[in-house]
Structure formats: structure tokens, C-alpha cells
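What follows is a set of notes on a single structure, which appears directly below.
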């Protein structure tokens with residue numbers, strides 16, 4: 001892998017991890033479309049470390065309050081949110097562990113990815129356009145966290161989008177767009193940490209080089225900016241632009257895959 005390829009894929013990861021367009025899909029599709037080889041385990045770790053740095057840097061105050069008050073005896077809103085995030089993390093972690101092999105093989109076919117981009121784009125549009133927007137972060141319930149957590153489990157299939165499906169589930173439960181996005185981003189922290197730890201154990205110190213660092217830095221910077229952009233964007237607008245993007249990319253991928261067969 002070249003430094004340029006690392007930069008491109010770092011940008012793709014930083015955008016796709018937090019925007020509802022599926023980072024895993026784009027990390028498969030970009031090398032596939034450009035004829036690049038799979039980057040390998042080392043670069044997977046770099047990308048996870050980058051997006052972890054982004055979400056922690058943006059939400060460090062939130063996490064400090066959640067962890068500080070979440071472990072105390074006294075009941076607080078942060079304590080409730082702490083346990084809601086714990087509950088919501090379990091389905092995604094379990095599915096990731098059970099279907100890890102499939103996620104790296106059969107789920108990574110371009111046609112399936114194209115189909116899932118289209119399907120989840122339509123689902124996101126329908127839910128977002130019909131849902132009420134009455135719940136802020138202070139009104140999230142255990143039932144909300146359970147549904148969002150279950151939905152996150154399906155993000156193991158590239159094209160679904162972890163952020164996309166969790167925001168969709170949040171909207172289905174009546175969260176505002178901003179609250180759905182914020183809860184989704186907070187929920188991404190333990191998932192990214194877990195994925196990073198799983199891959200980090202097989203990483204040799206000598207593999208940390210300029211390519212690795214390029215992936216970490218580019219995904220971190222772009223990820224941070226993506227979070228900031230989306231929270232501000234959703235305060236005034238809908239998910240429509242991301243829906244149209246998913247539909248366009250999904251159709252283009254299916255056509256290209258058929259042409260290449």
C-alpha cells in the first residue's frame with residue numbers, strides 16, 4: 001500500500017464511519033473499483049484507531065460525565081445513559097463475534113453491498129419522513145436503547161451502515177435527528193474500541209510505519225469533522241442527501257459488477 005492509498009482510505013473511513021453511508025461498504029468498493037489490493041490487518045487497525053480518536057476527541061466531555069456519574073450509586077441521567085449504552089452495545093458485539101468470518105468473506109461481495117446500500121437508503125428515507133421528532137437525549141429510554149442495539153447488529157453487513165441503521169432505529173423511536181445521531185456516535189465508541197482490541201492483538205510493533213500513521217491521522221481528522229458536520233447539518237435538514245447518495249452508489253455498483261462478470 002502506498003501513502004496515497006492510505007490517505008484515500010483514511011478519508012473514506014472518516015466519512016463513512018459517521019455519515020450514514022457505510023464505511024465498510026466503501027472500504028470494499030473503493031479498492032475494488034480502482035483495482036487496489038486488500039490493505040490487510042495492519043491498516044484495519046490504523047483505521048479503527050483513527051475513528052476512535054475522532055469520537056473520543058469530540059465527545060470526551062460527554063464520556064467523562066457518563067463514566068463519572070454512571071458508576072455512582074446516586075441515580076442521574078448520565079447513569080441511566082451509561083447503562084443504556086451498555087445494553088445497546090451487547091447485540092452488535094455478539095453478532096460481530098459470531099459472524100466475523102462471514103463479514104470478511106461472503107458479506108463483502110459488491111452486488112450484495114450495492115443492494116444493501118439501496119435497501120437501507122429507502123428504509124432510512126421512509127422512517128425519517130414518517131417519524132415524529134419529540135425525544136431529545138434527556139428522554140431516551142431503555143426500550144430505545146434495546147431497539148437501537150439490536151439494529152446495530154445488522155451493520156455487520158457492508159452497505160447497511162452502523163451509523164445509518166442506528167440513526168434509523170432512533171428516528172423510529174421518535175428521537176430527533178440530532179439525538180439519534182448523538183446517541184449513535186456515543187454508541188460507536190465501545191464498538192470501535194472492541195474492534196480495535198480484537199485486531200490490535202495481532203499487530204506487530206514493527207508494522208507501525210508512515211502508511212499506518214497516514215491512515216490513523218487522516219481517518220481521525222476527517223472523522224472528527226464528519227461528526228461536527230452531521231450534528232450541525234441534522235439540526236436543520238433531513239437525511240435526504242444521504243439517501244440519494246446511497247441509491248446512486250448502489251445502482252452504480254450493481255451495474256459495474258454485472259458489466260465485469
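The values are calculated or read from the model by the stated rules, or taken from the named source; none is laboratory data. Just so it is clear, the model here is predicted, and its values are computed rather than measured. Glycine gets a Cβ as well: all are built from the backbone with ideal geometry, and neighbour counts include every protein chain shown.
Below is a table of values for the structure above.
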{"item": "Unique residue being in contact with a helix residue (DSSP H, G or I) (Cβ under 8 Å, 6 or more places away or on another chain), closer than 28 Å to residue 238 by Cβ and in contact (Cβ under 8 Å) with a residue 40 or more places away in the chain when the list is 95, 154, 107", "result": "154"}
{"item": "Selection from segment 77-116 of residues that are surrounded by fewer than 18 Cβ atoms within 10 Å (Cβ to Cβ), at pLDDT 90 or above and more than 19 Å from the chain's Cα centre (by Cα)", "result": "83, 111"}
{"item": "Helices (runs of 4 or more DSSP H) completely within segment 112-203 that count 3 or more residues being under 24 Å from residue 248 (Cα atoms)", "result": "162-172"}
{"item": "Meets criteria (modelled with pLDDT of 90 or more, touching a strand residue (DSSP E or B) at 6+ places or on another chain (Cβ under 9 Å) and under 27 Å from residue 120 (Cβ atoms)) for residue 215", "result": "no"}
{"item": "Members of segment 32-48 found to be more than 17 Å from residue 214 (Cα to Cα) and part of a helix (DSSP H, G or I), listed by number", "result": "32, 33, 34"}
{"item": "Among residues of segment 1-30, those that are over 23 Å from residue 256 (Cβ atoms) and assigned to a helix (DSSP H, G or I), counted", "result": "7"}
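Okay, residues lined up against (1) free of Cβ contacts under 8 Å to residues at least 12 places away in the same chain; (2) within 16 Å of the chain's Cα centre (by Cα):
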residue	(1), (2)
170	no, yes
184	no, yes
187	no, yes
196	no, yes
201	yes, no
226	no, yes
245	no, no
250	no, no
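A quick yes/no check of all residues on (1) modelled with pLDDT of 90 or more; (2) within 23 Å of residue 19 (Cα to Cα); (3) in contact with a strand residue (DSSP E or B) (Cβ under 6 Å, 6 or more places away or on another chain):
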{"residue": "191", "(1), (2), (3)": "no, yes, no"}
{"residue": "196", "(1), (2), (3)": "no, yes, no"}
{"residue": "203", "(1), (2), (3)": "no, no, no"}
{"residue": "206", "(1), (2), (3)": "no, no, no"}
{"residue": "209", "(1), (2), (3)": "no, no, no"}
{"residue": "219", "(1), (2), (3)": "yes, yes, no"}
{"residue": "222", "(1), (2), (3)": "yes, yes, no"}
{"residue": "225", "(1), (2), (3)": "yes, yes, no"}
